[in-house]
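Heads up, the thing below is written out as structure tokens.
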Ligand code: PMV
């Protein structure tokens, strides 16, 4: 990803600096104090039920990432400049951390990190953020940017924060972005490795044999907070039914963890299919997502399901390495606007992404 550097023109609340201060800032803009990165993520099984205390499995997507850098500036307050993926119409954001609203997700994450570091919003730092992670696709964009900012602030303060601390601080951003998140997104992007997550706790996933997944973007945006609220309302209207579905998803997740540890791809695929059936019953899937799931299965995927909150966003399919090309072609034929391949290695310590843009104009793809 090319480094855009400080945005030349940014709207919204930039305090007028004197020419002398601007010159000094420019001069000091090369003083890099710290840097932080965090990857995108995808939920393999367990979304929605994880909000109600059930386990879920999530994978990092390291080929797509958010990156934050902290520079020394002449005078406070701390400022945060963010640029989002070029294919998104979202304008760059410039925040003065003293003045930014309490419900601004990035400001909340940055403030939490500053305070944990023993600093305040008056610290003369400029935090520059760039992100390749498209939003509204179930790829954890809000968690990735929050975790990258937190890490960069920790590095600038010369503090060595472990993954759980980064996850906890990034959760302050996720709370503003999603209302009542389970915490899985900020946790997997902070750990940067495949995890089984339950009630705030992450365990590394044991991977018995390499597994290959394709994540296909339906091209429609989903709003996590709306979908989570919709499931909450429905579960309050039909508590018995939803409690049963959540518990069943929890069992599927534990069975999936066992299948992954044993390298049993056909079993994992069946479990993904079952999870999708329950998510359909919960009405969080869409015709576009169902079409992608059907296309993947029809082309030989071992299993497929929606990934993330639904209502748009992406699906994830488990494929045999030698059958991936056929599934890719079928997904593109069924309307996928972008494909990401995630390879899970047998050590369980890493996931690898090979991003293939399916169409011009796709998020992160050719303009
Ligand atoms: O951000 P998404 O779309 O991947 O969804 C997050 C997963 C949910 O379970 C739907 C919400 C949560 O907080 O866990």
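Any read-out appearing in this document is the output of simple, stated calculations on the displayed coordinates, not a laboratory observation. These figures come from a predicted structure and were not determined experimentally. Here the Cβ positions follow ideal geometry from the backbone for every residue, glycine too, while neighbour counts run over all protein chains shown.
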Completion exercise
From the Cα centre of segment 195-251 to that of segment 118-169, the distance in Å is 24
Handout entry: Exposure proxy ranking, count of Cβ atoms within 10 Å, fewest first, for 37, 328
Key = 37, 328
Problem - Efficiency of FRET between residue 233 and residue 120 - r from beta-carbon atoms, R0 41 angstrom, step 0.05 - result: 0.55
Problem - Relative contact order (%) - the chain, alpha-carbon pairs under 8 angstrom, separation at least six - result: 20
Handout entry: FRET E, pair residue 221, residue 74, Förster distance 35 Å, beta-carbon r, rounded to 0.05
Key = 0.35
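Return the calculated 222 nm mean residue ellipticity for the chain, to the nearest 500 deg cm²/dmol, obtained by summing -39500 (n - 2.57) across DSSP H runs with n ≥ 4 and dividing by the residue count.
Mean residue ellipticity at 222 nm (helix-derived): -12000 deg cm²/dmol.
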Exercise for the section: For segment 102-187, take the alpha-carbon Rg, divide it by the Kirkwood Rh, and send me Rg/Rh. Expected result: 0.94
Handout entry: the chain: most fluctuating residue of 152, 321, 256 per GNM, C-alpha cutoff 10 Å
Key = 321
Exercise for the section: Could you pull the Rg and Dmax for the chain, using just the Cα atoms, both in Å? Expected result: 20.6, 66
Practice task
Mind running the shape call on segment 206-358? Use the C-alpha gyration tensor, a ≥ b ≥ c as the square roots of the eigenvalues: rounded below 1.5 for a/c, prolate if a/b tops b/c, oblate otherwise.
Solution key: oblate
Handout entry: Candidates 223, 40, 109: whichever shows maximal mean-square fluctuation once the chain is modelled as a Gaussian network with Cα springs under 10 Å
Key = 223
Problem - For segment 245-295: rounded, prolate or oblate by the Cα gyration tensor [a/c cutoff 1.5] - result: oblate
Practice task
On a 0 to 90° scale, report how tilted helix 265-281 is relative to the longest principal axis of the chain, with both axes built from alpha carbons and the result rounded to the nearest 10.
Solution key: 80
Problem - Cα gyration tensor shape for segment 195-241, rounded if a/c is under 1.5, else prolate or oblate - result: oblate
Completion exercise
Fewest-first ordering of 42, 253, 337 by Cβ atoms within 10 Å yields 337, 253, 42
Practice task
For a footprinting-style exposure proxy, rank 315, 278 by other Cβ within 10 Å, fewest first.
Solution key: 278, 315
Problem - Choice from 173, 154, 333 showing the highest fluctuation, given a GNM over the chain with Cα pairs closer than 10 Å - result: 333
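Scale the Cα Rg of segment 129-277 by the rule-of-thumb value 2.2 N^0.38 Å and send over the ratio, two decimals. Present the calculation step by step, with values, prior to reporting the outcome.
Numbers: Rg = 16.9 Å, N = 149, 2.2 N^0.38 = 14.7 Å.
Working it through for segment 129-277, the quotient is 1.15.
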Fill in the blank from the handout: Computed over the chain: longest principal axis from alpha-carbon atoms vs helix 105-116 long axis, angle to nearest 10 degrees, is 70
Exercise for the section: Return one number: the angle in degrees, 0 to 90 and rounded to the nearest 10, between the long axis of the Cα atoms of helix 324-333 and the longest principal axis of the Cα atoms of the chain. Expected result: 80
